[in-house]
Amino acid sequence: MFRKTASFAIAGLTVFGTISETAAGGRAIECYEPVNRPAIYDTVYENVLVSPTGQLVDYDPPIYGTRERVVQTVPAQARYEIVPAITQTVYHTVKVDNGGYAWEWRVIHGRKVLCKVWRKARYQRVAETVVIEPERARRVVIPAEYDSIAEEVLVRPEQRRIVNIPPSYQTVARRVVVREGSTSWRRVHIPRHCNG
């Protein structure tokens, strides 16, 4: 490449020398003209990464609700109480005095005399309490007490979903040089009559 450039440079000097000679009235021996070769371009399409691979986490929080529940506040209890005896009053007649002969003072015709008298047996109505049912202990059960309370319960747990995001590309057009532009020298044929 260096040799080629050097030869073009020498040729250029020769031409310039010839031109100057011709301009000065000399005879042209060789002539060259520059030949420009424009650069050649082409359009290249390539995929360019716009966004890399990623992950998106979709999160749904847990959902809670309220539920009523019946709970026992006081447990059942048992105690014993005394039931008094059941009694009844019964009346019956009893002999109080057997009767018979007895001495007693009396006043007869103004005189106080001791007399022997006959007395009948005497009876009296007496009340008596009888037990129909004796005293006893009775077991009494006190039922349990309940109450309704509201409590928080989990209806749906939290949910996490991972979504994979693929990479994103975009096609970009780019101009590239296929061949660099250059300048070369081409020999020009000079007719003899032109040299005078």
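The values are calculated or read from the model by the stated rules, or taken from the named source; none is laboratory data. This structure is a prediction, so every number in the text was calculated from the model and none was measured. Don't worry about glycine lacking a Cβ; one is built from the backbone with ideal geometry, like all the others, and counts go over all protein chains shown. Ligands, DNA and RNA are stripped out before the accessible areas are found, and what is left, the full protein with its side chains, is counted by its heavy atoms. Shrake-Rupley method; radii C 1.70, N 1.55, O 1.52, S 1.80 Å.
Overview of values
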{"quantity": "Fraction of accessible area attributable to carbon and sulfur, the stretch 41-193 (%, probe 1.4 Å)", "calculated": "51"}
{"quantity": "Förster-model FRET efficiency, 25 Å R0, residue 138 and residue 72, C-beta, rounded to 0.05", "calculated": "0.50"}
{"quantity": "Accessible surface, the stretch 94-196, averaged per residue in Å² (probe 1.4 Å)", "calculated": "91"}
{"quantity": "Within the stretch 43-196: Cβ-based charge dipole about Cα centre, in debye rounded to nearest 20 (Lys, Arg +1; Asp, Glu -1)", "calculated": "580"}
{"quantity": "Dipole of the stretch 69-117, positive end: most advanced residue of 102, 73, 89 [Cβ charges, Cα centre]", "calculated": "102"}
{"quantity": "Full-extension gain in nm, residue 151 to residue 190, via 0.36 nm per residue minus C-alpha separation", "calculated": "2.7 nm"}
{"quantity": "Selection from 188, 62, 115, by position along the positive dipole direction of the stretch 45-188 (Cβ)", "calculated": "115"}
{"quantity": "Residue 177-residue 49 FRET efficiency (beta carbon distance; Förster radius 22 Å; 0.05 resolution)", "calculated": "0.35"}
